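Worksheet: one structure, shown below.
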Amino acid sequence: MKILISGGTVINASGPFAADVLIEGERIAGVVEANSSASTSWRESADQIIDATGLYVVPGAIDAHTHMEMPFGGTHSVDTFETGTRAAAYGGTTTIIDFAIQSKGKSLREGLDAWHAKAEGHCAVDYGFHMIVSDVTESSLKEMDLVVDEGVSSFKLFMAYPGVLMIDDGLMFKVMQKAAALNALCCIHAENGSAIDIVVAQMIAEGKTQPHYHALSRSPKAEAEATHRAIALADMAGAAVYIVHLSNEYALDDLKFMQARGAKALAETCTQYLVLSIEDQMPGKSWEEAKFVFTPPLREKRHQAPLWGALADGSLAVVSTDHCPFRFADQKELGRGNFTKIPNGGPGIENRLQILWHFGVNAGRITPEKFVELSSTAPARIFGMGKQKGAIAPGLDADILLWDPNVDYTISAATQCMATDYSMFEGWKVKGNAAKVFSRGELVVDNTTQPGKFLGATGRGRFIKREANAGGFA
Ligand code: URP
Ligand code: ZN
Ligand code: ZN
């Protein structure tokens with residue numbers, strides 16, 4: 001099957017250009033100047049021609065930080081790999097990287113197998129895994145070789161959640177040394193969990209149990225301290241490090257300081273930290289604020305401008321979602337009267353591109369090519385998928401969005417595909433949305449003719465084996 005996308009403006013991270021794109025089967029067969037002789041001959045042999053006049057042709061987005069069916073606080077995040085990857089597709093995300101968890105006392109093998117079993121045959125779009133290492137032993141360190149061999153080339157380590165996922169500095173350092181030897185990337189949840197737990201206990205003892213105090217209990221300084229420590233330890237170990245969900249200006253300062261010293265340090269922020277705040281979403285007035293309990297928490301508004309600045313200047317490399325959805329009605333409810341029992345996480349996978357485009361590109365904070373870099377090209381490169389995904393280029397997977405920069409869209413739980421009973425952006429009006437979404441050459445979403453309908457088969461998404469390339473530093 002040959003599909004010609006004609007008359008659009010291709011946007012890669014390197015910039016925009018008017019071009020026609022030929023899809024052949026699952027791959028991009030060619031990209032040529034519009035109205036060139038090659039384009040004319042493609043037109044004659046194409047099975048289908050799609051008129052992309054007025055649209056941008058951009059690489060399918062990659063969300064490098066999701067948690068489908070994740071166990072947390074006695075419940076599970078509510079999106080399955082099926083519903084969560086459908087929601088991804090609706091929003092223009094054609095690849096996710098989720099987190100497989102090694103439970104305490106279990107092997108990496110068992111953790112990875114469990115996540116393969118959850119995902120295989122259920123995903124709407126392509127997927128990969130990071131491996132969370134929560135029980136560092138000689139045996140799990142040895143297992144890191146086979147995990148990388150199987151295409152899981154990044155490990156996540158937690159400096160927060162003592163007693164559950166947190167590991168101490170010595171163990172973290174051992175994993176980093178091993179990761180360095182394997183060219184694997186260390187993804188770090190950077191918060192000083194021990195200090196935070198003391199503050200949390202003090203707040204609960206003082207009767208400060210509402211969701212608002214979740215945010216206040218986790219200081220931006222605890223995140224900054226851990227960010228610095230993680231990068232310093234990775235630097236000592238010779239490992240490349242990627243700080244996940246960086247949320248505030250202090251942590252950003254430490255990141256930039258270590259980057260300037262030559263550390264192999266990268267970081268992402270997430271949509272929510274760019275547009276939501278304590279002042280607007282968590283002022284301490286109602287139980288509804290439980291909808292915004294995630295970790296790190298929302299910050300004061302003044303942290304947003306530095307994050308946008310860091311996206312524009314390249315010190316922050318990626319925008320992900322940390323999609324970890326729980327229903328408000330019954331799951332968030334578990335923590336009424338005690339914020340420590342509110343399952344941590346929020347729904348976001350469907351809205352990342354809309355938010356990034358509207359508040360980034362439309363607001364003049366980032367260029368369209370930066371939008372592509374942050375949502376697709378950088379995660380593909382950093383996570384070892386650059387030979388398959390992340391650009392509109394011959395030979396790569398035909399993961400392609402036809403992006404309409406002029407369409408108005410209202411975000412609402414009533415129309416979303418994510419399985420939560422609320423949206424973090426309820427009623428927000430944005431300009432810019434995916435008109436058509438191709439995943440490996442197949443039209444899986446067409447918002448122009450069949451909005452709200454997934455056009456592909458359940459389970460069509462494939463596991464992507466990722467190369468170990470030390471976050472692109474290798
Ligand atoms: O609140 C969050 N972020 N939940 C998911 C787990 C994590 O720390 O990323
Ligand atoms: Zn985390
Ligand atoms: Zn997360």
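The values are calculated or read from the model by the stated rules, or taken from the named source; none is laboratory data. A quick note: this is a predicted structure, and the numbers were derived from the prediction, not measured. With ideal geometry, Cβ positions are generated from the backbone for all residues, glycine too; neighbour counts draw on all protein chains shown.
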Reported set for the stretch 91-121 where residues are over 20 Å from the mean Cα position of the chain (by Cα) and among the hydrophobic types (A, V, I, L, M, F, W, C) is Leu108, Ala114, Ala117
Residue hits (the stretch 163-173; without any contact (Cβ under 8 Å) to a residue 40 or more places away in the chain, surrounded by fewer than 18 Cβ atoms within 10 Å (Cβ to Cβ) and in a helix (DSSP H, G or I)) are Gly170
Among residues of the stretch 455-474 being over 21 Å from the mean Cα position of the chain (by Cα) and touching a residue at least 40 places away in the same chain (Cβ under 8 Å), the residue surrounded by the most Cβ atoms within 10 Å (Cβ to Cβ) is Gly456
- Message: Quick check on the stretch 184-204. Is at least one of its residues out of contact with any strand residue (DSSP E or B) (no Cβ under 8 Å at 6 or more places or on another chain), in a loop (DSSP other than H, G, I, E, B), in contact (Cβ under 8 Å) with a residue 60 or more places away in the chain and more than 26 Å from Ala470 (Cα to Cα)?
- Response: no
The condition of being touching a helix residue (DSSP H, G or I) at 6+ places or on another chain (Cβ under 6 Å) and closer than 22 Å to Ala64 by Cα holds, among Leu165, Leu185, only for Leu185
Residues of the stretch 73-112 being in contact (Cβ under 8 Å) with a residue 12 or more places away in the chain and surrounded by fewer than 18 Cβ atoms within 10 Å (Cβ to Cβ), in sequence order, are Gly73, Gly74, Thr75, Thr80, Ser103, Lys104, Gly105, Lys106, Ser107, Arg109
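Give me a count of the residues in the stretch 44-63 that are within 29 Å of the chain's Cα centre (by Cα) and among the acidic types (Asp, Glu).
Here the count works out to 1.
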Those residues of the stretch 356-371 which are aliphatic (A, V, I, L, M) and under 16 Å from Val58 (Cα atoms) amount to Leu356, Val361, Ile366
Filtering the stretch 438-454 down to residues that are among the acidic types (Asp, Glu) and either in contact (Cβ under 8 Å) with a residue 12 or more places away in the chain or crowded, with 21+ Cβ neighbours inside 10 Å (or both) yields Glu442
- Query: Does Ala160 meet the test of being within 20 Å of Leu298 (Cα to Cα), in a loop (DSSP other than H, G, I, E, B) and within 25 Å of the chain's Cα centre (by Cα)?
  - Reply: yes
Checked the stretch 18-40 for anything at pLDDT below 95, outside any loop (DSSP other than H, G, I, E, B) and of a type in the set (A, V, I, L, M, F, W, C); matches are Ala38
Scanning the stretch 222-247 for residues that are part of a loop (DSSP other than H, G, I, E, B) and within 16 Å of ligand 3 (Cβ to nearest atom), the one farthest from Leu157 (Cα to Cα) turns out to be Ser247
Note to self: Condition (residue is within 17 Å of the chain's Cα centre (by Cα) and more than 17 Å from Val10 (Cα to Cα)) applied to the stretch 386-409: is it met by at least one residue?
What the structure shows: yes
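Listed here are the residues, each with its yes/no results for (1) of a type in the set (S, T, N, Q); (2) within 23 Å of Thr83 (Cβ to Cβ); (3) out of contact with any strand residue (DSSP E or B) (no Cβ under 9 Å at 6 or more places or on another chain).
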site	(1), (2), (3)
Gly111	no, yes, no
Ala117	no, yes, yes
Ala124	no, yes, no
Gly128	no, yes, no
Val133	no, no, no
Met144	no, no, no
How many residues of the stretch 119-157 are assigned to a strand (DSSP E or B) and either of a type outside the set (Ser, Thr, Tyr) or more than 16 Å from ligand 1 (Cβ to nearest atom) (or both)? The answer is 10
Considering the stretch 53-67, residues that are more than 16 Å from ligand 3 (Cβ to nearest atom) and more than 16 Å from Gly30 (Cα to Cα), and then whichever is surrounded by the most Cβ atoms within 10 Å (Cβ to Cβ), we arrive at Ala61
